[in-house]
Structures are given as C-alpha cells and as structure tokens.
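For reference, the structure is listed below as structure tokens.
The values are calculated or read from the model by the stated rules, or taken from the named source; none is laboratory data. Here the structure is a predicted model, which is why all the values come from computation and not from measurement. Heads up, the Cβs are rebuilt from the backbone with ideal geometry, glycines too, and the neighbour counts pull from every protein chain shown.
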Amino acid sequence: MKVTKAVIPAAGLGTRMLPATKTVPKEMLPLVDKPVIQYIIEEAVSSGIEDILIVTNRAKSAMDDYFDFTPELEDRLIASNKFDELETVRKTAEMANIFYVRQRETKGLGHAVSRAKHFVGNEPFAVLLGDDVMMSKVPVTKQLIDAAEKYGAAAVGTQRVSPDAISKYSSLKVTPIEGRVMRVSDMNEKPRPSEKFSDYPILGRYILTPEIFEILESTPPGHGGEIQLTDGLRRLLGVREMVAVDFEGVRYDTGNLKGFLEATIDFALAAPDIGDWLRSFLRAKAEALGL
C-alpha cells in the first residue's frame, strides 16, 4: 500500500475566525511567516506525497495564486539581488503537484472528500484537514502511512481528549494492537456522554482506500444535515480493516482563535531566527504584568 496522493478539504467558510476570514481564506491566514495551508502541504510532502488535491470553493482562489509562480515579483527580487527571498517564493510553486477542485455545495466533510474520486482513482490516499496543523518530529501523516502499510489497513489519527471534549469530535471503539496502534471496530460522530465508545476521537489525519467513494455516494446526511465522513468510515469498516494511530506530536486547531494563537506562539518559539527574541519578549512582558 504505497500512498503518494493526498486530499486537503479546504472549502469551509471559516465562520469561527470572522471577521478576518470574510475576505481571506482561513487556510491563508499567516502562521508566523507562512500561511496555515503551507504547513499542511509540507507535512504531506515530507511524508512521501507527490500529488495533492485541494478541495476549495469559489472564494478561495488565493490558494491557487499562492502556490503558483509570480514572474513580476521574481523579476524584482532578481533585480534587487534578493536571491534568498527568490528561493523562498519559488519553493511554494515547486514543492508538489497541486491540483484543485471546487465543492460547489457545502454538504459536509464526507461530500468534500467524495469530490476527489477522479483524482484518486484506484489508489489509497491521505486526507489532511485544512484546519489541523501538526508539530512533530516524524510527520503525523507519515506515522499513519507506516501503520497503514504495515497492517494493510485504512488508518486514522487520534489522541486521547478529555471526557468533556469528546462530544465535539467523533468517538472510536478501539482495542490495542501494539505500541501506539489500535484496531478500530466502530465509531460515532459527536456522541452524547452515554453514547461514546472511548475518549479517542479522529483528529485531522486519515489514510483511506478507494472503496470510500462508493460508500460516500450512498451515505445519507447525518449530524447537522451534512454528509459526515465518520458515517462513511463506519461503513468502510465492513469491507476494510482500520487502525487508529495515537500519533506523536501536538495538534493545533487553527480554525478557532485560541488554537490559532497557540500555534502561532509555539511555532514562533521553535523558529531559529525569532525564537530567542520571543522568549525574551514574553518573559519581560510577564514580569511587567506581575505574572
């Protein structure tokens, strides 16, 4: 099971980040010095992905422009002998083969993934949610690919969350296999406390097989009146083994302000050129406030 294709659903309206997302796609908001979606694409590329499909909507052409060449800017940088900056801006257009398809109607994550059917063909593929940025030594997508290949199974990423938080996600019924890998036997979407299987949800990363497309085509609307990917995955369990990987790393939900600020601080602290400055700044600010 070699995985070389990835799908990034990025058609959401960004209502949790208004008013900034009124005209700027949430995936294009700057996280330190790069837009959010660039971190996700870099994770995919570092995991061995070669071809990436971004599922967008009519208001998100900025992503297409960003991952393209910019001759006018590049000519200006060359004329100014700013070759480091030139390399930086060209890298965004050269990092992967990036394609786009629109989700013409907002019908949920399952519907967005179904739009990738012709791109994927008859191959396994990764799904990386456009809100979820990961910080890890080994790319989270690579951790899932390794497990999927080892067990010949579909795979989902997970980390235990608090009992109070599970109702915001899905809940997985799991049994240990080895290490950080568990077998999945059932799941449900946004369960009530009495309905949950465990405190392990699906968190933003998937390795799926092409059977999912036929399943999604016949999956009725579920929670919120949308076609839920979780409902499709539950049916996928009938034809394909599935594992959950309790991945090593930190997940940031950049689709809400608190998660975005947490990611901004942590990634800035880890940046070689500004990390030390930011530590000093935060320390001085805390002392000035008596914290």
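Touching a residue at least 12 places away in the same chain (Cβ under 8 Å), in a loop (DSSP other than H, G, I, E, B) and over 19 Å from Pro9 (Cα atoms): is that true of Ser198 in this structure?
On the way: touching a residue at least 12 places away in the same chain (Cβ under 8 Å): yes; in a loop (DSSP other than H, G, I, E, B): yes; over 19 Å from Pro9 (Cα atoms): yes.
It is true that Ser198 is touching a residue at least 12 places away in the same chain (Cβ under 8 Å), in a loop (DSSP other than H, G, I, E, B) and over 19 Å from Pro9 (Cα atoms).
Of all the residues in region 247-291, those that are among the β-branched types (Val, Ile, Thr) and either exposed (fewer than 11 other Cβ atoms within 10 Å of the Cβ) or assigned to a loop (DSSP other than H, G, I, E, B) (or both) number 2. Looking across Thr70, Thr4, one residue alone is touching a helix residue (DSSP H, G or I) at 6+ places or on another chain (Cβ under 9 Å) and either surrounded by 13 or more Cβ atoms within 10 Å (Cβ to Cβ) or at pLDDT 95 or above (or both). It is Thr70. Within region 17-33, the set of residues being surrounded by fewer than 16 Cβ atoms within 10 Å (Cβ to Cβ) and outside any loop (DSSP other than H, G, I, E, B) comprises Ala20, Lys22, Pro30.
Conditions (1) within 30 Å of Asp231 (Cβ to Cβ); (2) surrounded by fewer than 17 Cβ atoms within 10 Å (Cβ to Cβ); (3) modelled with pLDDT under 90, marked per residue:
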site: Ile52; (1), (2), (3): yes, no, no
site: Asn57; (1), (2), (3): yes, no, yes
site: Lys60; (1), (2), (3): yes, no, yes
site: Asp75; (1), (2), (3): no, yes, no
site: Glu87; (1), (2), (3): no, yes, no
site: Arg90; (1), (2), (3): no, yes, no
site: Ala93; (1), (2), (3): no, yes, yes
site: Arg104; (1), (2), (3): yes, yes, yes
site: Ala112; (1), (2), (3): yes, no, no
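Considering (1) modelled with pLDDT of 95 or more; (2) surrounded by fewer than 18 Cβ atoms within 10 Å (Cβ to Cβ); (3) in contact with a helix residue (DSSP H, G or I) (Cβ under 6 Å, 6 or more places away or on another chain), the lone condition that Lys117 does not fulfil carries the number (1).
Annotation for region 207-217: no member residue is outside any loop (DSSP other than H, G, I, E, B), closer than 17 Å to Asp186 by Cβ, in contact with a helix residue (DSSP H, G or I) (Cβ under 8 Å, 6 or more places away or on another chain) and among the aromatic types (Phe, Trp, Tyr).
Every residue in region 66-120 that is among the hydroxyl-bearing types (Ser, Thr, Tyr) and touching a Lys or Arg at 6+ places or on another chain (Cβ under 8 Å), please.
none
Scanning region 192-225 for residues that are of a type in the set (D, E, K, R), at pLDDT below 95 and either crowded, with 19+ Cβ neighbours inside 10 Å or touching a strand residue (DSSP E or B) at 6+ places or on another chain (Cβ under 8 Å) (or both) yields a count of 3.
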